[in-house]
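Peer 1: Below you will find the structure I want to go over with you.
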Amino acid sequence: DEVENVAGTGQGLFVGTVDLDTTQASGGYEMVDPSHGDGYTCDLNNSTSGTCTTLTDSDNKWGNGSNSDRATAGVDVAYGAAMTFDYYKQKQGRNGIFGDGKGVPSRVHYGNNYVNAFWDGQQMTYGDGAGNNAPLVEIDVAGHEMSHGVSEALADLGYSGDVGGINEANSDIFGTMVEFYANNSEDPGDYDIGEKIDINGDGTPLRYMYHPSLDGASYDCWSSAVPQSDPHYSSGVGNHLFFLLAEGSGDTQYGNSPTCNNSTVTGIGRDKAANIWYHALDAYMVSTETYAQARQDTLKAATDLYGQCSAEYQATQSAWSAVSVDG
Ligand code: ASN
Ligand code: ZN
Ligand code: CA
């Protein structure tokens, strides 16, 4: 018989040594997390389909901090899934990605040289990376992908035109909020996406929320080119909006964030900014959302949460105008 809520420890690739809740089974332990809806972590054994084998361990000490142990990547993603579950529950009152209290599977070691991670509507899958880049198992990436599940459940956000960028920005916003929430000493919160993966081999992250065009392709400001572009580039407008609303234009800790209209924006803090965005997603956004509608919907959310004459409402107006989304 299985004994639940067993306290294990793991040594991940990026997160250092962390606690993991596991399940005791005959002869050892399984990486099944009863504290987070029985979400489990499994090894695809470099296949792209077929059986995913739930990770097991004899002494409940998982991974060794290096890829030489196949459980190491599993530690990072089990932790990332738990932190994502906890963020939504504690901060947004949402019980699991689907709101049903259930955890989701996290599948590691997908294929060969796969430089991506994805949510398929039901579960998580992570590649090992190729060449010099690391497996795509960082906290903000895990939070990004699972937030695709949340945005699908709440608003069924589309994936082309403005809404494609809003969808991707939503995932970067909550991936980053999960990274801050986890408060992991080895991978503390910031407004870079995937900064530890070294996807480009030169130390740069996948994306920069505070100044999206630093990646050479993302948009800082809305223009008619934005809805034509890849969602990972049109997301720049939403990422930039979120950074300005959270931290302001004069931030020196996370990055200098230039405004598109030479204005100065005073941030309201990331928790309030995330609450406004989440409430807009939950209550107002639609599958065909445009950036102009997102401005209106976040203003409705700011009114609901803080009142129409609030500093939070005014900052939301200023931040959208600062990314060239005017009322
Ligand atoms: N990692 C990518 C993303 O979530 C997968 C994709 O291209 N949809 O954006
Ligand atoms: Zn995405
Ligand atoms: Ca990050």
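The values are calculated or read from the model by the stated rules, or taken from the named source; none is laboratory data. Please read these numbers as outputs of a predicted model, since none were measured by experiment. Cβ placement follows ideal geometry from the backbone for every residue including glycine, while neighbour counts extend to all protein chains displayed.
Peer 1: Please determine, by comparing only the residues of region 207-235 that are without any contact (Cβ under 8 Å) to a residue 60 or more places away in the chain and of a type in the set (A, V, I, L, M), which one is nearest to ligand 3 (Cβ to nearest atom).
Peer 2: Among them, the one singled out is Met209.
Peer 1: On the basis of being in the same structural domain as Trp277 (by TED's automatic domain parsing), crowded, with 19+ Cβ neighbours inside 10 Å and of a type in the set (Val, Ile, Thr), does Ile97 make the cut? Let's see the steps before the verdict.
Peer 2: Numbers: in the same structural domain as Trp277 (by TED's automatic domain parsing): no; crowded, with 19+ Cβ neighbours inside 10 Å: yes; of a type in the set (Val, Ile, Thr): yes.
Against the criterion (in the same structural domain as Trp277 (by TED's automatic domain parsing), crowded, with 19+ Cβ neighbours inside 10 Å and of a type in the set (Val, Ile, Thr)), Ile97 does not qualify.
Peer 1: Among the strands (runs of 3 or more DSSP E) lying completely within region 1-62, list those that include at least 2 residues that are touching a Ser or Thr at 6+ places or on another chain (Cβ under 9 Å) and in contact (Cβ under 8 Å) with a residue 40 or more places away in the chain.
Peer 2: On the way: elements: 3-11, 17-25, 28-30, 39-43.
Fully inside region 1-62 and qualifying: 3-11, 17-25, 39-43.
Peer 1: Would you pick out the residues in region 63-85 that are in a helix (DSSP H, G or I) and charged (D, E, K, R)?
Peer 2: Initial filter on region 63-85 (in a helix (DSSP H, G or I)): 71-85.
Asp76 - this is the single residue of region 63-85 that is in a helix (DSSP H, G or I) and charged (D, E, K, R).
Peer 1: Failed condition for Met209, given (1) more than 16 Å from ligand 1 (Cβ to nearest atom); (2) within 21 Å of Ala273 (Cβ to Cβ), with all others met?
Peer 2: (1)
Peer 1: Another question, if that's okay. If I filter region 139-159 down to residues being more than 21 Å from Gln296 (Cβ to Cβ) and away from ligand 1 (no atom under 12 Å from the Cβ), which single residue comes out as surrounded by the most Cβ atoms within 10 Å (Cβ to Cβ)?
Peer 2: Let us first name the residues in region 139-159 that are more than 21 Å from Gln296 (Cβ to Cβ), namely 139-150, 152-153, 159.
If we keep only those that are away from ligand 1 (no atom under 12 Å from the Cβ) as well, we get 139, 150, 153.
Details: Ile139: 31, Val150: 26, Ala153: 16.
Top of the filtered list is Ile139.
Peer 1: Let me ask another. Which one of these is closer than 30 Å to Asn183 by Cα and surrounded by 19 or more Cβ atoms within 10 Å (Cβ to Cβ): Leu244, Leu305? Give the steps one after another, and end with the answer.
Peer 2: Working: Leu305 fails: surrounded by 19 or more Cβ atoms within 10 Å (Cβ to Cβ).
Exactly one residue qualifies, and that residue is Leu244.
Peer 1: Test each condition in (1) touching a Lys or Arg at 6+ places or on another chain (Cβ under 7 Å); (2) aromatic (Phe, Trp, Tyr); (3) in a strand (DSSP E or B) for Tyr88 and report the one that comes out false.
Peer 2: (3)
Peer 1: Another question, if that's okay. Pull up region 105-124, narrow it to residues that are within 25 Å of Ser287 (Cβ to Cβ) and surrounded by 24 or more Cβ atoms within 10 Å (Cβ to Cβ), then point me to the one that is nearest to ligand 1 (Cβ to nearest atom). Show your work before the answer.
Peer 2: If we filter region 105-124 for residues that are within 25 Å of Ser287 (Cβ to Cβ), which is where we start, we get 116-124.
Imposing the further condition that a residue be surrounded by 24 or more Cβ atoms within 10 Å (Cβ to Cβ) reduces the set to 117, 124.
Working: Ala117: 5, Met124: 10 Å.
Looking at residues that are within 25 Å of Ser287 (Cβ to Cβ) and surrounded by 24 or more Cβ atoms within 10 Å (Cβ to Cβ), I get Ala117.
Peer 1: Now for a separate question. Can you tell me how many residues in region 255-272 are surrounded by 18 or more Cβ atoms within 10 Å (Cβ to Cβ), over 18 Å from Gly165 (Cβ atoms) and either in contact with an Asp or Glu (Cβ under 6 Å, 6 or more places away or on another chain) or not hydroxyl-bearing (Ser, Thr, Tyr) (or both)?
Peer 2: Residues of region 255-272 surrounded by 18 or more Cβ atoms within 10 Å (Cβ to Cβ): 257, 259-260, 265, 267-268, 270, 272.
Next, only the ones that are over 18 Å from Gly165 (Cβ atoms) stay: 259, 265, 267-268, 270, 272.
Of the ones still in play, those that are also either in contact with an Asp or Glu (Cβ under 6 Å, 6 or more places away or on another chain) or not hydroxyl-bearing (Ser, Thr, Tyr) (or both) are 265, 267-268, 270, 272.
Total satisfying the criteria: 5.
Peer 1: Would you pick out the residues in region 197-233 that are surrounded by fewer than 15 Cβ atoms within 10 Å (Cβ to Cβ) and either away from ligand 2 (no atom under 16 Å from the Cβ) or charged (D, E, K, R) (or both)?
Peer 2: Of everything in region 197-233, those that are surrounded by fewer than 15 Cβ atoms within 10 Å (Cβ to Cβ) and either away from ligand 2 (no atom under 16 Å from the Cβ) or charged (D, E, K, R) (or both) turn out to be Asn200, Gly201, Asp202, Gly203, Gly216, Ser223, Ser224, Ala225, Gln228, Asp230.
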